[in-house]
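The values are calculated or read from the model by the stated rules, or taken from the named source; none is laboratory data. Keep in mind that what you see is a predicted model, and the values were worked out from it rather than measured. For neighbour counting, all protein chains shown are included, and Cβ atoms are generated from backbone atoms with ideal geometry for every residue, glycine included. With ligands, DNA and RNA removed, areas are computed over all heavy atoms of the protein, side chains included. Shrake-Rupley method; radii C 1.70, N 1.55, O 1.52, S 1.80 Å.
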Amino acid sequence: KEEEEPKKEEPKKAEPKKPEPSGPEKTLKVEIHSARGLRSGDALGSSQPYCIVEMAGKPQSRCNTGVAGNCAEDPSAPWWRETLEVKGCQTGDEMIFTVRDKDPIGGNLLGRISLSAEQVKAGFIGELQLLETDRVLSRKGICVGKGNNVEAFLLVKVEGMDPTVEDTAWYGALATKYASGVPLAISNSVKVEIVEARGLRNADWVGKQQPYITCEIEGKPETRSTSTLGDHPKDPKWNFTSQVAGYQLGDALLLTVWDQDIGKPDDMLGKATLTAEQLKSGFVGSVQLEGAGRSIEAFLYVKVGAKDPSLWDRAEVAATGAAQDGGIEMWAANSIKMEIISARGLSNPTERPLEKVGIKTKTKPYVIVQVADKDGAIKDGSRFVTEAAKDLENAEWKHKMNVAGCNVGDSLVFTVKDSDVGHDSTAQDLVNGLLGRATLSADLVKSGYFGELQLEQAGYNAQAFIKVHVEGRDPNPADLSWMAAAVAADGSGQKPAVRNSCKVEIINAHGLRDDDWMEVSEPYCMVQVAGKGERWSRWGTPQATNWKDPEWNHEMQVACQPGDALEFIVKDHDQATLDGTLGKATLSADKVKEGFVGELELENTGKKAGAKKAVLKVRVEGSEFSVVDRTILEVKTAQVVIETEVKETCCGIR
């Protein structure tokens, strides 16, 4: 009956572009000192390595060293100690170093690495781990195989393009160490130790699974490093250490577990990402694998050397490592513990498969839990499910799980679905047989949550709820106190506040027009989150008989999130045609949060210019009230009641 509002497509976000080099050109002095760990470039005979330096995208700036002076003695660790002058450098330029083996025709690539624009600007002294060092791993700069993990390094000294005072002081301190032969830190490399995994699924129907791990800087497949094969199909140990090259501040680390197969592509058994913050501070502990399989809870124990730790970071990593080595099981860093307890108010508005042929069946609901990022997009491989409950009206699961890939800033999406309608492997599958969906906001994931969440898309005007217990990712003392109070209230038979929902009362309206030519209008009012047009995420009043000044006094719970505004739509119920709109009004997100009681002026009323304005009176309680907020709302309510009584008594105005 009711018309659907078209959904607006979200504009695609453009990837940020690097700024073009600018400013006057300058010649920089670059000293190529030495390298170590190079592979042999010649199948027969000795390599003759040399180094090329150039600014990215400026082949005219290219210059190179001669062949290393000691290549006959040790071609894997050549030294040059040559200073080159690189011309045409501008602010924003990156510098590329390429090591090759000198041959009469061409010359094999032994390694390549770039220095970021920020490092070129500040000046740089130290070792750089080379990429594309393994001919098995790289082909034209693209990772094509597991490779042999050749770890090679280049020691260079680069004059700064435009250093600050702090850059100059830092450069001077490093120059002193450099001159005295003190080993310098490897700035573009991350030390990773892969210890073990547990709980892997078995991807092989025949034969024994052989798991291994690849480590790479996220978004840079050419940095990939590969472990040895594990000693167990489901709970393997590796104790494998690798230097992963290509790191820059702000990068994340991708760890992927594979099953080695012969004659077909290797199966992925799961993956985990260590964030830029974790690489900066260092990390020791477990991470839960995403994409490990439907409801598979698999974990990986790793150690990652810190790139720029604070004193607190060092102490925390040391304590965590000591606890883990002592046999104390620590909480996985990217995982969240929860319990799916029960649901109430569920209904199934869709016809089930067997009912189409006249066979009555019983709906058995189950819950899918997924992780959404800060933009609301569901993360790949994020799907954990409960078993099916026996009863729709009073569904109970009491299912505990660990959900992978959940970091601070992520939200959780709970989808309740009919177990007999479709699958849950795609977004469309989740829509088929949908009984309701609820989102736990990033703030509540961080603080922890115990209680009910109101379900959206549970049916028009449905009051359906799911009860969950989610342990917080990073709760503060106030969060822990709220959680304890919620658990205590539940234990005494009370219901904790529903924090993804607000209580709305549609009181009355005045000054509506009559939309019916032949009959009297029967107005009703709907409420929904502004911008959402789904038929099954709306709540409404019954129809009123007074078309001009209807009274509803109808209370309902409306599912919403912090920052949501509410839209109220007054309509006229018609038997034969689409329901006509009598007016719309929107209550801002701030008003929803702080609470509101009063009149809203209706727009799109269809009334003539100059006619008396139509208004809608509502009362809204926010979903996250403090004691002060609730007291203010009660005072406002009392004031509105007094004003209404005065108008009715003295002026005869309703």
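General observations
- Computed lengthening from Leu229 to Ala497, 0.36 nm per intervening residue step minus Cα-Cα distance: 91.4 nm
- Counted residue by residue at 0.36 nm each, then reduced by the alpha carbon distance between them, the extension gain from Thr581 to Cys63 reaches 179.1 nm.
- Carbon/sulfur fraction of accessible area - the stretch 541-589, other protein chains in place, 1.4 Å, %: 48
- Accessible area per residue for the stretch 427-503 is 39 Å², calculated with a 1.4 Å probe on protein heavy atoms, without ligands, DNA or RNA.
- For the residue pairs Lys271/Lys532; Lys503/Lys617; Lys280/Lys593; Lys102/Lys264; Lys417/Lys532; Lys58/Lys121, alpha carbon separations beyond 26 Å are given by Lys271/Lys532; Lys280/Lys593; Lys102/Lys264.
- Overall, the accessible surface of the stretch 217-330 at a probe of 1.4 angstrom is composed of carbon and sulfur to the extent of 54 percent.
- Packing-based ranking, highest mean first, of 601-610, 203-212, 466-475 given that Cβ atoms within 10 Å are counted: 466-475, 203-212, 601-610
- Vicinal HN-Hα couplings computed from phi for the stretch 473-488 (Karplus, 6.51 cos²θ - 1.76 cosθ + 1.60; Hz; Gly/Pro x): 6, 7, x, 9, x, 5, 5, 5, 5, 4, 4, 4, 5, 5, 5, 5
- Potential lengthening between Lys26 and Thr91 on full extension [0.36 nm per residue; Cα-Cα distance subtracted]: 22.5 nm
- Karplus (6.51, -1.76, 1.60) ³J(HN,Hα), θ = phi - 60°, over the stretch 413-420, in Hz, Gly and Pro reported as x: 10, 10, 10, 9, 9, 7, 5, 9
- Long-range HN-HN contacts of Asn188 with modeled amide H, under 5 Å: Gln129
- Under 5 Å, built H, 5+ apart or other chain: amide partners of Ser61: Met55
- For Asp380, solvent-accessible area (1.4 Å; no DNA, RNA or ligand), Å²: 120
- Taking label points 7 Å from Cα along the Cα-to-Cβ direction, Ser310 and Lys607 give a separation of 5.8 nm.
- Computed FRET value (nearest 0.05) for Ala377 with Asn432, which takes r as the C-beta separation and R₀ as 30 Å: 0.90
- Label-zone membership for the stretch 169-208, site Ile262, 7 angstrom Cα→C-beta point, backbone N under 17 Å: 204-208
- Our coupling estimate for the stretch 190-206, obtained by passing each phi through the Karplus curve with A = 6.51, B = -1.76, C = 1.60 and θ = phi - 60°, is 10, 8, 10, 10, 8, 8, 6, 9, 8, x, 5, 6, 9, 8, 9, 6, 10 Hz, Gly and Pro reported as x.
- Computed E for Asp42/Asn70 - FRET, C-beta separation, R0 22 angstrom, nearest 0.05: 0.85
- For peptides 87-96, 363-372, sequence by mean Cβ density within 10 Å, most packed first: 363-372, 87-96
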